[in-house]
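Participant: Before we start, here is the structure in question, set down as structure tokens.
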Amino acid sequence: MAETTVVKFGTDGWRGIIADDFTYANVRVAAAAIANYSSTLTTVTGDRTYVTTQTIRNKRFTGKVLVTGGTVTFEFCSFTYAPPAASAQLQQYHGGSASGVVICNWCDFDPGLRGTQGNFESCNAQFGERGDANPLTTGASFTLYRCRLEGCGNNIGIHQYRSSGSSITECYMSNPTGGGGTHPDGIEIYSSDNITVLRSRLEIATNTDQSCINITTDFGDCSTSNPVVIQDNYINGGTSPVLTRWYHQGTGTYIKNVRYTGNFFGDSSKWGRECDFNSMNVTYNKSYALANPTVVYWDSTNVWAPNGEHVGNPATAPSGDVPAGLPHVPGTFIDSRNFYGGEVWNWSGHVVP
């Protein structure tokens with residue numbers, strides 16, 4: 001790969017992420033336009049561990065990259081490593097110890113795998129470590145800016161990660177793979193907090209068994225004081241495009257302080273519904289959400305995408321069911337009719353207050 005892959009935003013600034021002219025296929029960045037960009041990448045072979053502050057530019061990594069400390073910045077880099085099961089192309093983790101700061105600007109993550117290829121629960125980028133038997137990560141943060149992530153079981157995995165403030169901004173996430181029994185997600189946020197996903201595009205196929213954004217407490221409880229904010233994104237596809245729910249094995253832990261605002265949704269969904277909120281209560285009232293952070297805040301600015309973003313007729317569940325909220329009316333609020341339906345008709349939560 002002799003050139004990096006970067007976002008071409010539409011003519012309407014970042015809102016081009018919901019328009020036909022959004023592309024993310026081998027768009028060359030002019031060196032004169034962005035400082036330090038080179039059209040030629042230097043290949044770095046073998047696994048690499050970074051522990052000290054440094055900036056790394058215009059590199060192609062063919063092995064796993066691990067960050068355990070320092071402030072490590074990757075710019076215009078390509079990650080092509082195909083991870084084994086429960087591993088990643090890029091991971092930030094240090095056995096529960098503080099692991100510094102990871103910054104990725106204009107980077108390309110893709111081992112080239114698609115469909116049922118790949119290994120169980122691999123990630124393009126992983127922050128923290130899976131499994132409640134592993135120590136959680138504190139004293140760390142990450143930033144992903146205008147990156148493309150495709151071809152692993154999860155585009156991004158955030159696991160037991162108590163962030164000091166992390167963000168995913170203007171990124172493209174698509175084509176997670178289902179190899180080795182993986183349930184593919186765009187962004188998997190398990191028992192993690194203080195994360196913002198902003199102005200990004202997330203699309204996964206409806207024949208996968210998970211969501212564009214999957215937020216649970218599978219590996220333990222989270223703080224009420226540090227929100228997970230999903231704002232101003234385009235989200236489409238999966239079993240249901242977004243999943244935010246209490247721990248499915250019934251430990252009594254709950255998702256806390258999750259806020260959805262300003263997002264555009266397509267109507268592709270395997271189960272024929274937009275939101276898998278399980279037993280979670282939902283509020284449309286921000287003041288109530290701030291006072292009661294164990295509910296999901298679903299702002300009135302979460303609407304159906306406008307025409308022209310390649311969303312076709314509404315998907316049905318495998319049974320043929322179509323929930324009451326579909327087909328969509330462009331620009332209208334996605335209300336509680338879309339929190340249930342398809343193969344799982346029961347939503348045991350309520351809209352509060």
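Participant: Does S300 satisfy the criteria of being at pLDDT below 85, of a type in the set (S, T, N, Q) and either surrounded by 17 or more Cβ atoms within 10 Å (Cβ to Cβ) or part of a loop (DSSP other than H, G, I, E, B) (or both)?
Facilitator: Values: at pLDDT below 85: no; of a type in the set (S, T, N, Q): yes; either surrounded by 17 or more Cβ atoms within 10 Å (Cβ to Cβ) or part of a loop (DSSP other than H, G, I, E, B) (or both): yes.
The answer is no for S300.
Participant: So if I check each of A324, A291, which one is modelled with pLDDT of 85 or more and more than 23 Å from the chain's Cα centre (by Cα)?
Facilitator: Details: A324 fails: modelled with pLDDT of 85 or more.
Among A324, A291, only A291 is modelled with pLDDT of 85 or more and more than 23 Å from the chain's Cα centre (by Cα).
Participant: Separate question: With respect to V44, determine if the residue is at pLDDT 95 or above and farther than 20 Å from L113 by Cβ. Spell out the reasoning first.
Facilitator: Values: at pLDDT 95 or above: yes; farther than 20 Å from L113 by Cβ: yes.
So V44 passes the test.
Participant: Considering only residues of segment 43-81 that are β-branched (V, I, T), under 23 Å from the mean Cα position of the chain (by Cα) and within 16 Å of L144 (Cα to Cα), which is surrounded by the fewest Cβ atoms within 10 Å (Cβ to Cβ)?
Facilitator: Among them, the one singled out is T71.
Participant: Assess whether Y284 counts as being open to solvent by 70 Å² or more (accessible area, probe 1.4 Å), under 25 Å from L198 (Cβ atoms), under 24 Å from the mean Cα position of the chain (by Cα) and modelled with pLDDT under 85. Please lay out each step first, then the result.
Facilitator: On the way: open to solvent by 70 Å² or more (accessible area, probe 1.4 Å): yes; under 25 Å from L198 (Cβ atoms): yes; under 24 Å from the mean Cα position of the chain (by Cα): yes; modelled with pLDDT under 85: no.
So Y284 does not fit the description; no.
Residue-wise test of (1) touching a Phe, Trp or Tyr at 6+ places or on another chain (Cβ under 6 Å); (2) of a type in the set (D, E, K, R).
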{"position": "F61", "(1), (2)": "yes, no"}
{"position": "F76", "(1), (2)": "yes, no"}
{"position": "A88", "(1), (2)": "no, no"}
{"position": "Q126", "(1), (2)": "no, no"}
{"position": "E129", "(1), (2)": "yes, yes"}
{"position": "T137", "(1), (2)": "yes, no"}
{"position": "F142", "(1), (2)": "yes, no"}
{"position": "Y145", "(1), (2)": "no, no"}
{"position": "L149", "(1), (2)": "yes, no"}
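Participant: Take the residues in segment 212-241 that are of a type in the set (A, V, I, L, M, F, W, C) and more than 16 Å from I168 (Cα to Cα); name whichever of them is surrounded by the most Cβ atoms within 10 Å (Cβ to Cβ).
Facilitator: Residues of segment 212-241 of a type in the set (A, V, I, L, M, F, W, C): 212-213, 215, 219, 222, 228-230, 235.
Filter once more, keeping what is more than 16 Å from I168 (Cα to Cα): 219, 222.
Numbers: F219: 22, C222: 28.
Ranking the candidates gives C222 first.
Participant: Do we have N155 as within 26 Å of G342 (Cβ to Cβ), in contact with a Pro (Cβ under 8 Å, 6 or more places away or on another chain), outside any loop (DSSP other than H, G, I, E, B) and not basic (K, R) here? Working first, answer last.
Facilitator: Details: within 26 Å of G342 (Cβ to Cβ): yes; in contact with a Pro (Cβ under 8 Å, 6 or more places away or on another chain): yes; outside any loop (DSSP other than H, G, I, E, B): yes; not basic (K, R): yes.
Answer is yes for this residue.
Participant: Name, by its number, the condition in (1) crowded, with 22+ Cβ neighbours inside 10 Å; (2) out of contact with any Lys or Arg (no Cβ under 7 Å at 6 or more places or on another chain); (3) modelled with pLDDT under 90 that does not hold for Y247.
Facilitator: With (1) crowded, with 22+ Cβ neighbours inside 10 Å; (2) out of contact with any Lys or Arg (no Cβ under 7 Å at 6 or more places or on another chain); (3) modelled with pLDDT under 90 applied to Y247, the lone miss is (1).
Participant: Inspect segment 126-135 for any residue being open to solvent by 10 Å² or more (accessible area, probe 1.4 Å), free of Cβ contacts under 8 Å to residues at least 40 places away in the same chain and within 22 Å of S200 (Cβ to Cβ) and give the result as yes or no.
Facilitator: Within segment 126-135, none of the residues are open to solvent by 10 Å² or more (accessible area, probe 1.4 Å), free of Cβ contacts under 8 Å to residues at least 40 places away in the same chain and within 22 Å of S200 (Cβ to Cβ).
Participant: OK, next. Being open to solvent by 40 Å² or more (accessible area, probe 1.4 Å) and in contact with a Ser or Thr (Cβ under 6 Å, 6 or more places away or on another chain) is the filter here; which residues of segment 136-153 pass it? Steps first, answer last, please.
Facilitator: Keep residues of segment 136-153 that are open to solvent by 40 Å² or more (accessible area, probe 1.4 Å), which gives 136, 138-139, 143, 145-146.
Selection gives T143, Y145.
Participant: Looking at segment 101-118, which of its residues are open to solvent by 20 Å² or more (accessible area, probe 1.4 Å) and either under 22 Å from Y145 (Cα atoms) or in a strand (DSSP E or B) (or both)? Break it down into steps so the answer makes sense when it comes.
Facilitator: Taking segment 101-118 and keeping what is open to solvent by 20 Å² or more (accessible area, probe 1.4 Å), we get 101, 103, 105-106, 110-118.
Matches in segment 101-118: V101, I103, N105, W106, D110, P111, G112.
Participant: With respect to I195, is the statement that it is open to solvent by less than 10 Å² (accessible area, probe 1.4 Å), out of contact with any helix residue (DSSP H, G or I) (no Cβ under 9 Å at 6 or more places or on another chain) and either among the basic types (K, R) or under 22 Å from F79 (Cβ atoms) (or both) true? Give the derivation first.
Facilitator: On the way: open to solvent by less than 10 Å² (accessible area, probe 1.4 Å): yes; out of contact with any helix residue (DSSP H, G or I) (no Cβ under 9 Å at 6 or more places or on another chain): yes; either among the basic types (K, R) or under 22 Å from F79 (Cβ atoms) (or both): yes.
Yes; evaluated as a whole, the condition is true for this residue.
The values are calculated or read from the model by the stated rules, or taken from the named source; none is laboratory data. Quantities reported herein were computed from a predicted structural model and do not represent experimental measurements. Every residue, glycine as well, gets a Cβ built from its backbone with ideal geometry; the counts of neighbours run over all protein chains shown. Keep in mind that these areas ignore ligands, DNA and RNA; they rest on the heavy atoms of the full protein, side chains included. Shrake-Rupley method; radii C 1.70, N 1.55, O 1.52, S 1.80 Å.
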